[in-house]
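The values are calculated or read from the model by the stated rules, or taken from the named source; none is laboratory data. All of these numbers come straight from a predicted model, not from anything done at the bench. Cβ placement follows ideal geometry from the backbone for every residue including glycine, while neighbour counts extend to all protein chains displayed. Each accessible area value is taken on the protein alone, full model and side chains, heavy atoms only, with ligands, DNA and RNA left out. Shrake-Rupley method; radii C 1.70, N 1.55, O 1.52, S 1.80 Å.
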Amino acid sequence: QVQLVESGGGLVQPGGSLRLSCAASGRIFSIYTMGWYRQAPGKERELVASITSGGTTNYADSVKGRFTISRDNTKNMVYLQMNSLKREDTAVYYCNVDRIVTGGGVQYAVWGQGTQVTVSS
């Protein structure tokens, strides 16, 4: 069974930066699109950024120019560099993979447990 584990969340002042990491573990042969979602209190979960296995990226309009998603296919990891953070970026951030080919078959829509990001002075 594949697991996604996020790290790097925390408390940061407005204008600051954080880098989130997500590691996929298990008998992994290939990973398709990896992404970051977030959910603020009282709001629906929303896509923040995604990156395909070939490196094509997609960003929510609210984070374009401030956040950068990247991945290391050799380590089965995805990262989210968040700069110029705003109070409205406060949320639980979740790592997601749409499809993973493993030794036990294909898994779809795999989620991490989430990491809290709080932007506050």
### Message
Modelling each spin label as a point 7 Å along the Cα-to-Cβ direction, I'd like the Glu88/Val106 distance in nm, to one decimal.
### Response
3.8 nm
### Message
Using the crude model of +1 on Lys and Arg Cβ and -1 on Asp and Glu Cβ, and no other charge, please compute the dipole size for the chain relative to its Cα centre, in debye to 20.
### Response
120 debye
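Averaged per residue, what accessible area in Å² does region 1-94 show with a 1.4 Å probe, protein chains only?
Accessible area per residue, region 1-94: 54 Å².
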#### Entry: Cβ crowding within 10 Å averaged over residues, with 90-96, 66-72, 38-44 ranked highest first
90-96, 66-72, 38-44
### Query
Tell me, what % of the accessible area of the chain is carbon and sulfur with a 1.4 angstrom probe?
46 percent
### Message
How much length would be gained if the chain were fully extended between Gln81 and Phe29, taking 0.36 nm per residue of separation minus their Cα-Cα distance, in nm to one decimal?
### Response
16.1 nm
### Query
When the convex hull of the C-alpha atoms of region 1-58 is computed, what volume per residue in Å³ does it have?
123 Å³
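Using only alpha carbon pairs under 8 Å that are at least six residues apart, calculate the relative contact order of the chain and give it in whole percent.
37 percent
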### Query
Given H placed 1.01 Å from N in the peptide plane, which residues other than close sequence neighbours of Thr90 have an amide H under 5 Å from its amide H?
Val119
